[in-house]
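Below is one structure, written out as structure tokens, with a few remarks after it.
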Amino acid sequence: MKKVKYLLFLMLIAVLAVGVLAGCSVDTSTDLTGTFKVVYCGNGGELNANPERVFMIREGLHAFDPASGKPVSQVVRPGYKFVGWAKGKLDENGDPVILDAPITDDLDGGVYRNKFGAIRESAVETDQTGTVKKGYYDYDRNSLWNFDRDLVTEDICLVAVWDVYSKFLIADKNESGEWESYDDLLSSDFTIGSGAIYEKYEDRLYDVQNLRGTRISQDDALAAYGTERPDNTVLKFYKDPDCSEELVFPFNITNKVTVIYYEEIDGVFDLVTDARTFQSSYAMGNNIYMQNDIDMKDTVLNLGNVTYSGEIRGNGHSITNVNTAVTQNIAAPGEKNSYGGMFGKLINARISDLTIDIKTSFTIAIDPSNSFMGATANDKVCYFGLVASLMDGCIFRNFNVNVEYELLRSLVDGEGSWVTDPETGDRYYDIPKIKNKFDVTLELSIWAPQTDNTNLNVFNDNCSVTSECVKDETEITEDEDDSSKDQQDQQDQGNND
């Protein structure tokens with residue numbers, strides 16, 4: 001008997017649920033345990049993909065605040081910013097009252113529809129173009145419900161109140177290079193959403209969507225600028241056409257429309273301010289625009305295997321404390337590998353107004369007394385460039401490089417020993433190095449090997465490489481005098497090139 005009564009109770013609950021759902025919207029999470037019905041109306045927006053949500057709340061309690069996310073989530077409406085919830089009207093059936101025309105200044109706000117179509121078809125009418133002729137909520141947008149103070153004492157309808165987002169526009173220049181005038185856009189005659197002025201600028205107006213449409217973020221401005229001017233790079237944004245007052249983000253909106261001016265450069269560049277960004281941009285082959293000096297003392301530079309064909313604008317800045325170490329192993333048969341102090345291969349690259357200080361050591365790991373993997377005498381040539389391993393078709397202007405370098409000779413690869421650091425206890429593999437004797441052919445160039453042909457590379461306006469060979473403190477051998485002389489001859493030859 002108890003089971004039968006329980007089943008009858010469940011059936012009654014189901015019937016009540018269907019009745020409430022049929023009266024309003026398809027809402028599978030309706031709570032029927034309360035006393036009074038509270039209908040949340042999206043007013044053109046959606047609550048969990050529903051234009052309406054219905055809950056039963058006990059007398060004297062607070063209504064659910066969608067801002068809390070439970071049990072109903074915050075309403076959303078693309079292109080609009082949420083203002084609050086206003087008390088609407090219910091008809092004799094407990095449904096929100098639907099009017100033939102909006103009674104507020106919501107523009108197209110209040111349409112009782114969502115992206116899936118109308119829930120109550122009989123309540124919404126459209127013409128042949130799909131424009132709504134009937135289907136607007138009846139509510140007072142100036143009377144907002146206070147979820148902390150107001151209590152539920154009757155069936156109520158809460159309607160979402162919306163404002164259109166404020167807009168901003170990225171300024172542009174005319175054919176004479178002067179800023180366009182936006183007096184019409186900033187006049188009192190301009191209305192967001194309608195009118196000839198709005199239609200004129202509609203495709204160039206962007207919503208201010210963050211923080212409920214009250215502030216422009218830097219990401220907002222950059223995204224809009226990139227859309228309008230994809231072939232240029234913005235350096236700074238300004239409030240005025242004279243570019244005298246820089247725009248600081250986040251920027252508070254006070255007008256219906258804000259016009260943003262800018263300082264820009266031709267071309268797409270990464271704006272680089274630190275070592276990490278420089279290395280990343282260079283490795284990806286992006287153009288680089290330096291905005292300040294860069295100190296690389298704490299950076300492990302790894303550009304030797306990169307082929308770069310972009311542009312680096314130093315803007316009179318410098319890159320200092322560049323430390324690199326290069327080991328030239330035995331070349332593969334028939335190959336002549338080249339190694340550079342800082343850069344790998346510069347192919348059709350452009351570098352201007354930049355000074356670089358480099359400290360590098362070139363370690364030769366070729367065993368000239370042995371043929372390794374079929375290597376011949378021709379494969380035992382060391383090609384070193386104090387700047388790059390290869391340059392072809394490059395243009396340099398005001399590009400100055402200061403290099404401290406040392407040439408080291410490693411014993412045959414693999415002939416070393418494990419050493420324990422007495423201070424840290426770390427173990428590492430130590431390869432003995434001798435600087436004095438080079439039984440291989442060495443080609444050392446101040447720029448890059450085989451780049452003395454100015455028809456291939458253009459050097460303009462005081463380009464230079466200043467180099468100094470640093471003495472190695474390794475134990476001196478009896479061949480010191482001959483090897484040192486060989487090194488100096490190589491250096492002198494490079495300077496002559």
Q | region 245-292, subset in a loop (DSSP other than H, G, I, E, B) and of a type in the set (Phe, Trp, Tyr), residue nearest to residue 234 (Cα to Cα) | A | 269
Q) Looking at this structure, is residue 270 in contact (Cβ under 8 Å) with a residue 24 or more places away in the chain, within 21 Å of residue 286 (Cβ to Cβ) and among the charged types (D, E, K, R)? A) no
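Residues are listed down the side, and each one gets a yes or a no for (1) under 30 Å from residue 316 (Cα atoms); (2) of a type in the set (A, V, I, L, M); (3) exposed (fewer than 15 other Cβ atoms within 10 Å of the Cβ):
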site: 183; (1), (2), (3): no, no, yes
site: 192; (1), (2), (3): no, yes, no
site: 208; (1), (2), (3): no, yes, no
site: 218; (1), (2), (3): yes, no, yes
site: 221; (1), (2), (3): yes, yes, no
site: 237; (1), (2), (3): yes, no, no
site: 240; (1), (2), (3): yes, no, yes
site: 245; (1), (2), (3): yes, no, yes
site: 262; (1), (2), (3): yes, no, no
Q: Could you check how many residues of region 194-222 are in a helix (DSSP H, G or I) and free of Cβ contacts under 8 Å to residues at least 12 places away in the same chain?
A: 6
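Table: residues versus (1) hydroxyl-bearing (Ser, Thr, Tyr); (2) more than 18 Å from residue 45 (Cβ to Cβ); (3) touching a residue at least 12 places away in the same chain (Cβ under 8 Å).
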residue: 143; (1), (2), (3): yes, yes, yes
residue: 147; (1), (2), (3): no, no, yes
residue: 156; (1), (2), (3): no, yes, yes
residue: 159; (1), (2), (3): no, no, yes
residue: 169; (1), (2), (3): no, yes, yes
residue: 180; (1), (2), (3): no, yes, no
residue: 186; (1), (2), (3): no, yes, yes
residue: 189; (1), (2), (3): no, yes, no
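A short reminder: the numbers here are calculations on the coordinates, not readings from a lab. Everything quoted here is computed from the prediction, not taken from an experiment. Cβ coordinates were reconstructed from backbone atoms using ideal geometry, including for glycine residues, and neighbour counts include every protein chain displayed.
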